[in-house]
Structure formats: C-alpha cells, structure tokens
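> My questions will all concern the structure given below.
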Amino acid sequence: DFGGCMFVWRVGRQSVQWWGIGTWGRECEKECRSGSWAWGARWYGSRKERRAAKMAAKKAEKGEKIDFGRVGNTLRMGLVGLPNVGKSSTFNLLTKLSVPAENFPFCTIDPHVARVEVQDERFDWLVAQYKPGNAVRAVLSITDIAGLVKGASTGEGMGNHFLSHIKAVDGIFHVCRAFEDADITHVEDRVDPVDDLDIIHSELRAKDLDKVQRIIEDIEKNTKSRGMKKEDKDTLEWAKKIEGVLEEGKCVRHCDWSAKEVEFLNTLQLLSAKPCVYLVNLSEKDYQRKKNKWLNKIAQWVRSKSDKDPIIPYSGAFEADYLEMPEDEQQAYCKENAIQSSLSKIITTGFRAINLIYFFTAGPDEVKCWQIRKGSKAPQAAGAIHTDFERGFICAEVMKYAELHELGNEQAVKAAGKYKQEGKNYVVEDGDVIYFKFNVSNPGKKK
C-alpha cells in the first residue's frame, strides 16, 4: 500500500533510485543493492503530474528546453540553513504559525509544512471589480527544515535525515544570519554568513556527488560481463559530466545542460539542482538603514556563482514586531521609519523561483488563481481546472490583465478588439484572465 501516490518500476542495471520515505525506502535500497536489478519509486502525486512528466519526456526527445525539477502545480519551497539563523522564526512569520524556535541547535527535527497565500494587487482589483461570492488566491507550500551542520553529508548532526527533507522540496529558501546577538548562539561560535554559505552548499554538493558516484560504480560493475547498451552509455556519460561539475565546486543548476541531460537530472532530484532564493536576516537597525557589513560580501559570493539567484534582505526582529501591530499602526510605523515588510516579496519570489505562475478565472460567482507551470500551453492550463477541460479543449478566450485594468471592464476589452481567442498552441502568460471552451461529448459510432 503506497497510499495512492507511489509506484515502483524496474530501471535496469543502474543505481538504486527510490523516493520512498522511512523504513520502506531503506529496506527497498538494501534489497536492490543485493541483486543485479535496481528498483525505485518515484512520487508523481496525481494523474496531471504523470501526464506532465510524459510531456517533458517528449520535449526532451525533440531537444526542446525543459526545466529542472518535478513537474506539477503543487510544488514546495524549503527553509534551509545552519542552526539558529532564523529559519523557524521566519517560517512562523511567513505562515503565522507557532512552531518551536528555541535558542539551541536541532530545535526542529521533523519538518513543519504550511501553505501561505500569495498576495497580488491584480487579484485584489479583480475581486473589487467582479465582487464574487468566493475568492481564492494562489498558495505556496513552505517547509521548515532543521539546521544543517558541517559534515551533514556524512551523517553529522542527523545530516542524512535532514538532507532527505531537502530532497522532498522543489526549491530552497537559504536563510543567512547577518545579525549580531550574544543571546542567540551560533553553531560555529561566530557570525560569518559567507562561510555559512560555503558550508551549506558544500554539504549539498557532497551528497549529490556521493549519489552520482554510486550510479557510475553500479553501471561499471553491472556491465562488465554483458557489455554496455546504449542507455548504459548515455547514463554513464551524463553521470560523469555531473560528477565533473560537482568536483569543480559548481552547483548543477548553474551549468548548461541539454534537454536529455535535464530529463536525466530530473530523475535524480539532486540537491544542488534546486532553485535557491537567499534570505539575509538582518537586525532591525541594519534593515532600516539598508546597510550591513555582510551584504556586499554575500552578494559577491552569490553573483560569483550565478546572477540569477535572488537575494532578499529582511529583518526577522522587525517582521515579528510588525505582525503584532494593528493595521493602522503598521502603516504609521512604516511611514515614520521609512521601512516596509518583506514577507510578501519573499513568498512571491519563492513562488516564481520554482517556475510557477497563475492565470485568473473571474466572474460574479468566483475569482480564482489557477497555478500552472511556467510555459504551459492552453490545454494544460485548462486541465488545472478539470481534466475534462483539457480533454475536450476547443479554445481559450483570453484577456490580458493590463488591458482589462486599463479599459475597466470586459465589455470595453471586447469593444477595443483586445478579447482574443487562442488555440492549443497558445502559451499561457502570468496574469491572463481566461474563459475556456470545451466539449467532451462522446462521438457517435461510425457507420
């Protein structure tokens, strides 16, 4: 019984690849290593995600660009960092929960998961315009993961346990401590966020390297007697390329890969392939004056790896006080001190980092955000509402939000000739307002 969300398959004489949890996963790995065949389990979650995975495989066959990561609309970000840098406190601020956030390492053992709403002025305007009976925002799932320490990839400080929690998420909020506080101990007895960054990323790469090297060893061992088939040669070539990247101290996501290589990488779910958003936790004073001795050094470190990874400074201390204030007091305090909350920006950036966007359906009954993968075409977007919409897709009637907002209402958009009918090859853009036409009636029998 895999709870309806897991299945197993025979993958040939390659490395053990399983996405099981707990005892079942470990027993599966043990049995696999004892024989000539490897077994695995992969979580696809839903029929929609299995269908999306097949589409990604077809793209790879054609050489089209495909994205890193699990295919789906319900992806998760995880808060990662050393102990006592503010991960659980940040999780509480983002989710308005009260998970333990004490001044000692490994206060968090089991991961906490919550869904938070994505704030969007476009959604607010549509609700004010249509005055619906129901309004549903987009949501982001966030996981609070226990702090990693140096040596985590070899099991130090329950490292293997915590690294498996990172594997279960689709993107990383990397929390860096850039504030001084004698009352909050640092696991390394100093405050140096740049060194902290090196520690965390070294551990993630080390875990990936161990996994890839086991794949190489298994292929070379199991093909000695029978020789290599084409799929073995391809896998070995890809695995050795990944090994070389990791040994050079680079993260997988920062390198160029072909569509076939990305498809292979997505079966591995490597930690260094996951998108990363850097959250720099400052004191309230430094956040207000927008100055800190570590900010430039952190930015230089991040930019030396990639210019695409976002960096968001924030103050956990300020955000905690801010959330305790009444709304009118919040506005007055922010105006007086020239300061703004960064929580909405953090949530929105995390949502975008894992390649999620959303389109709107809007009417007097409901205004709703529908989450889809960036680059989805109209039929797949329709499938986010219901599989029948995708199966019987006819066309999508699309209004661009900017044009709707400028012209004021749907009738004005139509009068201006901006109300478009799009076919199955239309790539849905973030913020599109869409009405789908479909037909799933059974065709009559041919005579």
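The values are calculated or read from the model by the stated rules, or taken from the named source; none is laboratory data. On a predicted model such as this, the values are computed, not experimentally measured, just so you know. Positions of Cβ are generated from backbone atoms using ideal geometry, with glycine treated the same way; all protein chains shown enter the neighbour counts. The area values use the complete protein model at the heavy-atom level, side chains included, leaving out ligands, DNA and RNA. Shrake-Rupley method; radii C 1.70, N 1.55, O 1.52, S 1.80 Å.
> Within region 227-249, work out how many residues are over 30 Å from residue 147 (Cβ atoms) and in contact (Cβ under 8 Å) with a residue 12 or more places away in the chain.
Total satisfying the criteria: 9.
> Now a separate question. Give me the residue from region 212-234 that is among the basic types (Lys, Arg) and in a loop (DSSP other than H, G, I, E, B) and, out of that set, least open to solvent (accessible area, probe 1.4 Å).
Across region 212-234, the extreme among qualifying residues is 226.
> Where the second residue is open to solvent by 20 Å² or more (accessible area, probe 1.4 Å) and assigned to a strand (DSSP E or B) and the first is more than 18 Å from residue 79 (Cβ to Cβ) and touching a residue at least 60 places away in the same chain (Cβ under 8 Å) and lies in region 347-359, which pairs have Cβ atoms under 6 Å and are six or more apart or on separate chains?
That search, which allows pairs on different chains as well, returns 355/373; 358/370; 358/371; 359/370.
> If you don't mind, there's one more thing I want to ask. Determine whether region 145-164 contains at least one residue that is at pLDDT 95 or above, in a loop (DSSP other than H, G, I, E, B) and surrounded by 16 or more Cβ atoms within 10 Å (Cβ to Cβ).
no
> Let me ask something additional. Based on what the data block shows, is residue 199 modelled with pLDDT under 95, part of a helix (DSSP H, G or I), touching a Lys or Arg at 6+ places or on another chain (Cβ under 7 Å) and among the aliphatic types (A, V, I, L, M)?
yes
> Still on this structure: How many of the residues making up region 295-319 are of a type in the set (A, V, I, L, M, F, W, C) and surrounded by 20 or more Cβ atoms within 10 Å (Cβ to Cβ)?
Final tally of qualifying residues: 3.
> Do any residues in region 185-211 that are open to solvent by 10 Å² or more (accessible area, probe 1.4 Å) have Cβ atoms under 6 Å from those of residues that are outside any helix (DSSP H, G or I) and among the hydroxyl-bearing types (Ser, Thr, Tyr), where the two are at least six apart or on different chains, and which pairs are they?
Cβ pairs passing all conditions: none.
> Related question: Name the single residue that is most open to solvent (accessible area, probe 1.4 Å) among those in region 320-344 being under 22 Å from residue 278 (Cβ atoms) and free of Cβ contacts under 8 Å to residues at least 60 places away in the same chain.
340
> Quick check on my filter: what residues within region 299-341 are under 22 Å from residue 355 (Cβ atoms) and either part of a loop (DSSP other than H, G, I, E, B) or among the hydrophobic types (A, V, I, L, M, F, W, C) (or both)?
302, 306, 307, 308, 309, 310, 311, 312, listed by residue number.
> Another one. Being of a type in the set (A, V, I, L, M, F, W, C) and open to solvent by 30 Å² or more (accessible area, probe 1.4 Å) is the filter here, so list the residues in region 114-138 that pass it.
Matches in region 114-138: 125, 127, 128, 135, 136.
> Continuing with this model, one more query. Out of the strands (runs of 3 or more DSSP E) lying entirely within region 350-447, which hold 2 or more residues that are crowded, with 19+ Cβ neighbours inside 10 Å and of a type in the set (A, V, I, L, M, F, W, C)?
356-362, 366-373, 393-399, 433-438
> Now a separate question. Out of all the residues in region 252-302, which are of a type in the set (Lys, Arg) and farther than 20 Å from residue 68 by Cα?
Within region 252-302, 285, 289, 290, 291, 293, 297 qualify.
> Looking only at region 261-318, which residues are farther than 22 Å from residue 77 by Cβ, under 21 Å from the mean Cα position of the chain (by Cα) and touching a residue at least 24 places away in the same chain (Cβ under 8 Å)?
Residues satisfying the conditions are 263, 264.
> Tell me which residues, restricted to region 349-390, are basic (Lys, Arg) and over 13 Å from residue 430 (Cα atoms).
368
Here is a yes/no grid of residues against (1) open to solvent by less than 40 Å² (accessible area, probe 1.4 Å); (2) in a helix (DSSP H, G or I); (3) under 23 Å from residue 352 (Cβ atoms); (4) at pLDDT 90 or above:
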{"position": "237", "(1), (2), (3), (4)": "no, yes, no, yes"}
{"position": "242", "(1), (2), (3), (4)": "yes, yes, no, yes"}
{"position": "249", "(1), (2), (3), (4)": "yes, no, no, yes"}
{"position": "256", "(1), (2), (3), (4)": "no, no, yes, yes"}
{"position": "261", "(1), (2), (3), (4)": "yes, yes, no, yes"}
{"position": "264", "(1), (2), (3), (4)": "yes, yes, no, yes"}
{"position": "267", "(1), (2), (3), (4)": "no, yes, no, yes"}
{"position": "278", "(1), (2), (3), (4)": "yes, no, yes, yes"}
{"position": "286", "(1), (2), (3), (4)": "yes, yes, no, yes"}
